[in-house]
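In what follows, a structure is listed as structure tokens, so that the remarks can point back to it.
The values are calculated or read from the model by the stated rules, or taken from the named source; none is laboratory data. Just so it is clear, the model here is predicted, and its values are computed rather than measured. In this analysis, Cβ positions are derived from the backbone assuming ideal geometry, glycine residues included, and neighbour counts consider all displayed protein chains.
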Amino acid sequence: MAAEAHELTPHVAISRVIMLVNPLSGSVGPRAAGEAEAILADYGCDSSVVALEGGRFDAQISEALDAKPDVLFVLAGDGTAGTIASRAGPDGPLVAPLPGGTMNMLPKALYGTADWKLALRRALEEGAPQSVAGGEVSDGAFTQSFYCAAIFGSPALWAPAREAMRTGKLKLAWLHARRALKRAFSGRLRFSLDARPERRAEALVLISPMISRAMEENTGLEAAAMNPSDAMEAFRLAAHAVMDDWRQDPAVTTRATQKVAIRARSRIPAVIDGEPVQLRHTAGVRFIRKAFRALAPVPPAAEDSV
């Protein structure tokens, strides 16, 4: 006798679901596609699970978007999930970025867990459409959206070292760390927030409203300027940057912004939603109030206001 289907969320009609899975990403693994199929089978909707293949990512994403599902679930790293959300845009299908990467900042903010199976069930059973804000970085030749955070300046050079250390490549981690040390304090950024007078900083961090602890929803990006006075202070900031509320550090100043201009004497190292890039010596960032629509449980504060 077939088991009774679990009830789908009452907040939005869901009849067609597509789930994209990158088995090589972060915490996903080769069995994830099969496990996802088993979970989706518990719900009364037409669903298909697609394992992303190297060299076919772009085509598979296009095919999924062209199919116009009610919800497009993504189990992949932050960068892949962000790319898919950007392509869906505010007028595309609902997107549910499940925690399949390393940091999983956006999935944790949306679903309150780093367990992708639990996040999947929460989205299916409690999800409602939510507009997600973000930012867009452009240097004239390169454009990329972000929904968590973007880091500009020499501290961004530590990202490759951190990633190499995470994957156990100690020699490569040391080489990246040595390069970061050589670049540190070689030249400060100059930046302007909302066309105000230029300021200088060792690094600038822009944080989306979804992630920020300081911003009200969708009022702008949180801009945090880092100005360590020496190498030891910079190391202290680096140590607190991920785990602690480093905005309380006296070497960090924050404010809300919707448009940012950045320049430097040389190429600008950056980390955009966990992906390291090298930008040209000038770049701009703009706030996007409605970047895409997510399927996620309504936050308690929003429920109380209804």
Checklist entry - For residues in the range 89-119 being of a type in the set (A, V, I, L, M), within 19 Å of Met210 (Cα to Cα) and surrounded by fewer than 23 Cβ atoms within 10 Å (Cβ to Cβ), which is nearest to the chain's Cα centre (by Cα)? => result Met105
Item to check | Count - residues of the range 43-61 that are touching an Asp or Glu at 6+ places or on another chain (Cβ under 9 Å), surrounded by 14 or more Cβ atoms within 10 Å (Cβ to Cβ) and over 19 Å from Ala88 (Cβ atoms) | outcome: 1
Next on the checklist: Just checking, does the range 139-147 include any residue being of a type in the set (A, V, I, L, M, F, W, C), part of a strand (DSSP E or B) and at pLDDT below 95?
Outcome noted: yes
Next on the checklist: Quick check on Ser48: is it more than 27 Å from Ile207 (Cα to Cα) and of a type in the set (S, T, N, Q)?
Outcome noted: yes
